[in-house]
1. Amide H to amide H, which residues 5 or more places from I96 or on other chains are under 5 Å from it, using H placed in the peptide plane?
2. With θ taken as phi - 60° and the coefficients 6.51, -1.76 and 1.60, list the Karplus ³J(HN,Hα) couplings across segment 26-43 in order, rounded to whole Hz; mark glycine and proline as x.
3. Using θ = phi - 60° and the Karplus curve 6.51 cos²θ - 1.76 cosθ + 1.60, what whole-Hz ³J(HN,Hα) does each residue of segment 103-115 get, with Gly and Pro shown as x?
4. What order, most packed first, do the peptides 28-38, 111-121 have when packing is the mean number of other Cβ atoms within 10 Å of each residue?
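Since every read-out is calculated from the coordinates, none of them should be taken as a lab result. Because the structure is a prediction, the values reported are computed rather than measured. Backbone-built Cβ (ideal geometry, glycine too); neighbour counts: all protein chains shown.
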Amino acid sequence: DTFVLAIIILTEVDDDIAEGLTIDSSVGTLLEARRRRVIDYVVVPTNTSREGYARAFQGLRYYNNATEPTGDTRIASFVVTSVDASSFDSRATITIQRVNDNAPVFNAPASTFILSEGLAAGSDL
């Protein structure tokens, strides 16, 4: 099959926050169009073989520059279309959820204590 079009639609984006997709430039480029709470991308791989498209999709990264991202779930829908005698669409949807990747903050000074090895789960310390 010869793949001729690969589209990604990122929905539920926050209009006031810098967020979206990037791609490793060694595997392809992204053409981007923004509209209210939606970003449309066309993936243009450097190699238009099936493997080239696979590498381009693997080179995609989601970014969100908000210091406190909302808990809204983002949906990335992928559509790859081929045109030849056996033309088909291949579709996949990925759900992007917020992850707390901040380092833990401890306001109290460090404490040292000893626990019994047989202590039951949920016991007071």
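1. Amide H to amide H, under 5 Å and 5 or more residues apart or across chains, I96 pairs with R74, I75, A76.
2. Those phi angles translate into 6, 10, x, 10, 10, 9, 10, 9, 9, 9, 3, 6, 9, 10, 9, 10, 10, 8 Hz.
3. Couplings: 5, x, 10, 10, 8, 8, x, 4, 10, 10, 8, 10, 10 Hz.
4. Top to bottom by mean Cβ count within 10 Å: 28-38, 111-121.
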